[in-house]
Amino acid sequence: MHFSTPARILRSCLPLFAASAVFVSVPTAHAEPDDFSAWTLSLSPTFSMPLSSGDFKPNELFASAWGGSVGAEYQLSSYMTSSLPLSLRLGMAYSSGGLLPSGGIEVPGALSETSLLAGASTSLSLAPRLRLLGFMDAGLSIGKLSTGTSSTYGATRVGGGLGFSVMDSLDARLDASLLYKFGLYGGLGVSLGVGYRLPEASSSGGLKLLELGALKLDNVFPIFRSYYDDNPVGTVTVANSGKKAATNVRVSFLIRQYMDGAKECAVIPRIEPGKSVTIPLYGLFNDSILSVTEATKVTAAVSVEYGGGTILNRTATVLVYDRNALTWKDDRHAAAFVSSKDPWVLDLSGNIVSAVKGSRNPEVPANLQTGVAFHEGLRAYGIAYVLSPSRPFAQAIVDTAAIDSLKFPRQTLGYRAGDCADLSVLYASLFEAAGIETAFVTVPGHIFMAFNLGITSDEAKAQAIDEREFIVAGGKLWIPVETTMRDSGFLEVWRKAASQWRTATARGEAGFFPVHEAWRTFAPVGLPADGSNVVAPAADKVAAGFEPELAKVVKLGMNARLTRLGPLPASGTAKYLNDRGVIYAKYGMFAEAERDLKKAAADQFAPAVINLGNVAFMKSDYRAAYDYFSRAAKLSPDNPRLLVSLATAAASMGRTDEVIATLERVSKLDQKIAERYASLVQSSSSATRAAEAGKGEIIWF
């Protein structure tokens, strides 16, 4: 084929004009794992400048050319390459440029080229978003003069550049390359372009990388709605059946009727080809799930998102039990029903405690007296025990998988009846509302509760308390309560529960579950407020049940101390009578106390005189107390503890100046004691307040 001068120029030198433009803007894919596919699309303007002829002599034929290119690049899997990433490239470009003057004569016309090149590239990271690039391409170009003459020729190039990640999906790149057109000419090519990384959507053939395998969901118990936030309701298996890794895999779970939104269960950075992962599914349920009163089936949805937005969905049917349902696979489950913040529980607890406020005994542990009050208060309320023979706890061997039904405290109060589990939950709720720790106690076929006595073992020993009647656990003393004995007083239900505990413990069949510890796993759940109110029993009715039962407890404790004191000795009777008088006085047996203390005082036993003052003080006879303390102070003027008692009596009579003077004497004898009782000066301005404070801290001798 013959060309005119321009045609000959074209035939000899044209082939690679556009070659410099084809791939200069195709960014090399990142080597690190990301959320995108292996494909990158690019677009860029191009500029090329011929420098030599095909035999490497100076270029005298072709002028520089401008154009543009589009391309695609595929990054090979890291399993197929070495440590440096390798990508395959394919691009198409178009350029147009003029011809140089020949012999000082302008050569008219223009050369346009369409090129198709393929090649490979690699990169080396210089910084988190900056990369050094290298590439090599080869292919064919079709050149056409403005006169209509055309020709096809081969081209190749090698070069490098810098790539910068503007964002995860967008790259900018500056390239420079050496061009060569076989036997025609060589030159330089430059481009500045952008590349868009396609999001991960599917592997070759249109098949998704990930597949959902086995989906296993347990039945849902509304009472454990908080539990499921940290403990799985089921599992799903996700498998990568593709040929490349799936990245940024996010798994979520939703039951639309009872969840405000999907719960994100896992974020997995990467799942390799051929690998599978079993993921636990969690759910954060809202209050509406507590409205379920009959077991119902609902749809649960599992969603898996990965790569740049590929989403897999799977649904399954889940059985949601009613709000009272539970199993006894874990005896701690009952703790979730302990509703200490329920309005009914708070009102009833407060009313019962208030009803017995004036009947308490200062020597009996406060928690023990509150236990008496709650038991007798619930008897006054009219709570009955109803046996449920079909319930799992009614069986000698509990079927832990059987579905049981447990009442919330408000429901038990509303029905005024319950079985052993219902009543134990109710009792525990009342105690917890009063700030007293509780526990559940299990023996074969039965459950009851216990509450913390609130004193140490040493304090219990000082009060001659028999620890066999208690549960010793966690360094604390607990009083067990048999909640089902509705016709029995507190002392009887205490003894019955203690007996059951001892028997079951000896056989290795007893269980003890502190509620606060159980709450760490099974958080308490209460019924939503409905505007209703509990009708508390009359205060006088509660007090009428409380006082005789407390008297039994007082007698029990007092007799234990008297037994430990022993019989009246043949000698040293004054000290014995003083000690016995103090025991009587502490339990409020003032007549007996005064009888013994006066006998001891008649034998010139000084501590008995002081203790007579204490008895008078407890009876609110502050003048008599002052006289006794003054009489004793004349015999023991340097006893700081006695002087404090004298100052307390003076404060209760409003004698501020005398209080100050007496405490100054105490300060000279014992600075620490003086500082401890310095508040007597302020309290003496209110005799009533001083008297109440004094009764709270009697100094016995």
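A short reminder: the numbers here are calculations on the coordinates, not readings from a lab. Everything numeric here is computed off the predicted structure, so don't read it as measured data. Because the Cβ atoms are built from the backbone with ideal geometry, glycine has one as well, and the counts that use them run over all protein chains shown.
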#### Entry: Candidate aspartates and glutamates - alpha carbon under 17 Å from K476, same-chain residues fewer than 8 apart omitted
E432, E437, D458, E459, D466, E467, E517
### Message
Compute, for the chain, the length of the dipole vector about the Cα centre, with Cβ point charges of +1 (Lys, Arg) and -1 (Asp, Glu) only. Units Debye, rounded to 20.
### Response
500 debye
### Task
Give the relative contact order (percent, whole number) for the chain; include only Cα pairs under 8 Å separated by 6+ residues.
8 percent
### Message
Modelling each spin label as a point 7 Å along the Cα-to-Cβ direction, I'd like the D55/F182 distance in nm, to one decimal.
### Response
1.9 nm
### Query
Which peptide among 357-364, 130-137, 441-448, 456-463 comes first, and what is the full order, when sorted by highest mean count of other Cβ atoms within 10 Å?
441-448, 130-137, 357-364, 456-463
### Task
Note down the nm distance, to one decimal, between modelled labels 7 Å out along Cα→Cβ at Y94 and at A538.
10.3 nm
### Message
How big is the dipole moment of the range 586-626 about its Cα centre under a simple scheme where the beta carbon of each Lys and Arg is +1, that of each Asp and Glu is -1, and everything else is neutral? Debye, nearest 20, please.
### Response
80 debye
### Summary
Taking the range 544-615, the lysine pairs whose C-alpha atoms sit under 17 Å apart (8 or more places apart or on different chains) add up to 6
### Query
How high is the relative contact order of the range 517-667, in percent, counting Cα pairs under 8 Å that sit 6 or more residues apart?
12 percent
### Query
Stretched out fully, how many nm does the piece from M167 to D621 gain, at 0.36 nm a residue minus the Cα gap?
154.7 nm
### Query
With r defined as the distance between the Cβ atoms of R250 and A678 and R0 fixed at 56 Å, what FRET efficiency is calculated, to the nearest 0.05?
0.30
### Query
Is the range 325-541 rounded, prolate or oblate when judged by the Cα gyration tensor, a ≥ b ≥ c being the square roots of its eigenvalues, rounded requiring a/c under 1.5 and prolate requiring a/b larger than b/c?
oblate
### Message
List residues of the range 437-469, by number, whose backbone nitrogen lies under 12 Å from a label position 7 Å along Cα→C-beta of A560.
### Response
453, 455-469
### Query
Assuming R0 = 60 Å, what is the FRET efficiency of H516 and V158, from their Cβ-Cβ distance, to the nearest 0.05?
0.25
### Task
Based on the mean of other Cβ atoms within 10 Å per residue, sort peptides 101-109, 622-630 so the most packed one is first.
622-630, 101-109
### Message
I'd like the orientation of helix 606-618 relative to the chain: the angle between its Cα long axis and the longest Cα principal axis, in ° from 0 to 90, rounded to 10.
### Response
70 degrees
#### Entry: Selected from G143, P280, M449, residue furthest toward positive end of dipole (the chain; charges at beta carbon)
M449
#### Entry: Cut-off under 5 Å, modelled amide H: who pairs with L86 long-range
L76
#### Entry: Which labelled figure in (1) 19, 47, 26, 8, 0; (2) 14, 25, 19, 16, 14, 9, 3, 0; (3) 16, 49, 31, 4, 0 is P(r) over Cα pairs in 20 Å bins from 0, in percent, once derived from the coordinates
(2)
### Positive-pole candidate from I436, L126, L254, dipole of the chain, charges at beta carbon
I436
### Long-range amide H partners of E437 with built H, under 5 Å
N452
### Task
Show me 250-263, 39-52 ranked by packing, highest mean number of other Cβ atoms within 10 Å first.
39-52, 250-263
### In degrees, nearest ten, helix 573-586 long axis to first principal axis of the chain (Cα)
50 degrees
### Task
Compute the long axis of helix 539-565 from its Cα atoms, compare it with the longest principal axis of the Cα atoms of the chain, and write down the angle in degrees, 0 to 90, nearest 10.
70 degrees
### Message
Given points 7 Å out from each Cα along the Cα-Cβ axis, report the K668 to L43 separation in nanometres with one decimal.
### Response
10.2 nm
### Message
Using only DSSP helix segments of four residues or longer, with each worth -39500 (n - 2.57), what per-residue ellipticity at 222 nm results for the chain after dividing by its residue count and rounding to 500?
### Response
-9500 deg cm²/dmol
### Query
Under a straight-distance cross-link criterion of Cα-Cα below 30 Å, which lysines are reachable from K216, leaving out those fewer than 8 residues away in the same chain?
K208, K243, K244, K263, K275, K297, K329, K407
### Task
Among the lysines, select those whose C-alpha is under 21 Å from the C-alpha of K181, and discard any that sit fewer than 8 residues away in the same chain.
K57, K144
### Summary
Toy charge model, Lys and Arg Cβ at +1, Asp and Glu Cβ at -1: the range 568-695 dipole around Cα centroid in debye, rounded to 20, equals 120 debye
### Summary
In whole Hz, the Karplus estimates of ³J(HN,Hα) for the range 446-454 (6.51, -1.76, 1.60; θ = phi - 60°; x where Gly or Pro) are 7, 9, 9, 10, 9, 10, 6, 5, x
### Unit charges at the beta carbon, dipole of the range 325-541: most positive-side option, T400, I479, V534
V534
### Within-12-Å neighbourhood charge of D603 [Cβ basis; K, R +1; D, E -1]
+2
